[in-house]
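Input: a single structure, listed below in structure tokens.
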Amino acid sequence: FFTGFRAPPYVIHDVFVYPQPLYTSYTHSLETSSPSTPPSRTLPTHRSLSTLRPLGEMNRRYSLGALLFRITVILLVILCDKTCSLSSVLSLRKHTLDAILYRGTPRGLEALQDLSELSTFTRKTYNSCNDESSQAYIIKSLLPTSSVNSVLSKLKQLDLSTNPDSVDGLPSHHLNLIVDGRPKDEDGAAQELLPHLDTFLYKNLLSKAREVTGCPHLEINEVFCRRYGGRTERCGISEHYDITSRLTCVVALDDCAASGTQGLYTLPTGVYHTSERRFFPLSAGDAVLHAWDVLHGVNIEPEHERASLIVWFSEGTDAAPRDWMAERNDAVGLFVRGIAAEADQEEPPCLAPHPHDLYLKAAPDNAFAMNRLAVLLEEGAMNEERVERAREVVALLNEDIGTDDEIVLGGGEGETVRLARRIWLASALLGSASAQEALASSLLDESFNVIEDAAAAAELRLLGAVFCGLAAAQNHPDAIEAAKQLFRLVAQSSESESDFEENWVIRTLACL
């Protein structure tokens, strides 16, 4: 959307574009309008076991009672961490609902600003004691320093591949060393690097991987290097599952992630908001081993650079999805099986459940499955029988936003679009930035198709701005770009400075 208009001169402020003539007075207006200015808040820090001071530092032998007391305190701290995590998830949902229900009011702006602060708050470090549901293991000093230095120095001299990444379609900035179990030569780089890694890969790491999985037939299938930041201009990769890897090993080639606030991260099960990311603390040579069903991504702040070595393992050297996920019928397993079935074009449909059926089963408990299901509905890609089952999923999700249902459900694009919006809404309330951006796009698109009804168009645009703001606060790139364009559009259509200042779309976007 947003085509065919010309924008006046702008100056950049944060991520949004303000019209130059209106910027100063509008900023002053927000600073002086106390009723709509959200109060500053001190957000609670995330407490972990690392903050627990050692008990019993006195030089004495512990009695049974003292030992039980020690264990009780540790269990209470773990329970407190889990309670805080649950509380933060519920808080995210409440703030998201407030931003939607109270849009166009100071309360709605306050909720959006709180969510924006959460997204930029102190990054959390992965703690295996509190994230035991995640099958991820940190191994210190796995790759020798000499190998780290050799690989990193060579990597910095190379022009890496810019082929589209399979996750986000952006330039991947990677170098393949082993593909389908066989060394791959790209201008001799693989032949130069592999001798520094051969012992590590096939003796130390492979035996460790077989031990962790209990699979004696595990083999190295893919080995590649990646770089982030610096001249690559890639600061991360969004959350995903490694659908063709039985087990993944990520080795840090520098100290970018040593503080536990940069680089590789995971999310607790059932949580999707960026504020709940858990970053792995990895110094150069440290590694993470994680299973295929661990949701993970990469993110570094702009001033950092990161390099890593990634190893994918499979049961044999065939890269196609294999038996390790065949019997998984939980929400994550069903979704990953669906993605794998769509990716594997050669497998006859009769040999496995149809991916659409897998998404329908997984959707009630997995935001990724919800998002994929909503896209298929919006595109009209599902047959009538599956559309009927999608109606049942929507009824099961049972998400509504009160009297605003007709706005979210409305539109003249057909029932499948309305079903898609309801599913995106459920996912958006779980914190999924992709769902928030998709819903914003759908609502804003429709707002330009009902221009004869000015009130309906304005309401759709405001609600679209809220969802756009929710996703932009989580640094969703498409949402940020859409917010800039929406800002320009309102600035261009405003008849006066006061119209611009008082427009709730502008106030919604500017509070982030």
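The values are calculated or read from the model by the stated rules, or taken from the named source; none is laboratory data. Predicted model only: the values in this text are computed from it and were never measured. Note: accessible area is taken over every heavy atom of the protein model, side chains too, but ligands, DNA and RNA are not part of it. Shrake-Rupley method; radii C 1.70, N 1.55, O 1.52, S 1.80 Å.
Okay, here's what the table says:
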read-out	value
Trp312, Trp424, reordered so the largest accessible area comes first (probe 1.4 Å)	Trp312, Trp424
For region 146-239, alpha-carbon Rg relative to the globular expectation (2.2 N^0.38 Å, N residues)	1.17
Volume per residue that the Cα convex hull of region 92-220 spans, once the total is divided by residue count, Å³	207 Å³
Global form of region 471-512, assessed from the alpha-carbon gyration tensor, a/c cut-off 1.5	oblate
Set of lysines near Lys203 by C-alpha distance (under 28 Å), chain-local residues within fewer than 8 positions excluded	Lys140, Lys154, Lys156, Lys184
